[in-house]
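Each value in this text was obtained by applying a stated rule to the coordinates, not by laboratory testing. Computed from a prediction, not measured in an experiment: that's the story for all the values here. Here the Cβ positions follow ideal geometry from the backbone for every residue, glycine too, while neighbour counts run over all protein chains shown.
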Amino acid sequence: MPSVQIKNVPEEVHSVLRARAAAAGQSLQEYLLARLTEEAQTEPLNEWLERVGRNARGSLSPTEAREYIRRERDRA
C-alpha cells in the first residue's frame, strides 16, 4: 500500500491534529487516513456541476429539478 509523507507541518497545525485524533480515540495516522479517505470520496463541486449539466436534458420543471437534486444528494 502506498504511503504519504507531509513535511514542514506547522507546530500549531500538528498540535491541533494530534488533539483531534486523541479526542476521536485514534492515532494521528488513523485520524489523518480517515480524513484523507473522506476527502477522496467527496465529489468536487465543479465535477458535480459538470455531471449534472451532462445529465440535464433540456428544461426541468421546478418539481423535476427538486426531485433530481434530492436524488443527487442521496447518492452522496
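The candidate values were [x] 1.26; [y] 1.18; [z] 1.20; the one computed from these coordinates for Rg/Rh (Cα atoms, Kirkwood Rh) carries the label [z]. Across region 19-26, computed HN-Hα scalar couplings (Karplus, 6.51 cos²θ - 1.76 cosθ + 1.60, θ = phi - 60°) run 5, 5, 4, 4, 5, 8, x, 10 Hz from first to last residue, x flagging Gly and Pro.
Evaluating kT/(6 pi eta Rh) at 37 °C and 0.692 mPa s, with the Kirkwood radius of region 1-44 over Cα pairs in the Stokes-Einstein relation, gives 286 µm² s⁻¹. Coupling constants for region 62-76 follow from the phi torsions by the Karplus curve (6.51 cos²θ - 1.76 cosθ + 1.60, θ = phi - 60°), and in residue order they are x, 5, 5, 5, 4, 5, 5, 4, 4, 4, 5, 5, 5, 5, 6 Hz; glycine and proline get x. Between the Cα long axis of helix 28-41 and the first principal axis of the chain there is an angle of about 10°, rounded to the nearest 10. With helices as the sole contributors, the chain gives -21500 deg cm²/dmol at 222 nm; each DSSP H run of n ≥ 4 counts as -39500 (n - 2.57), and the sum is divided by every residue. Counting only alpha carbon atoms, the long axis of helix 45-55 and the longest principal axis of the chain meet at about 30°.
Using mean Cβ contacts within 10 Å as the protection proxy, how do 45-53, 14-22 order, highest first?
14-22, 45-53
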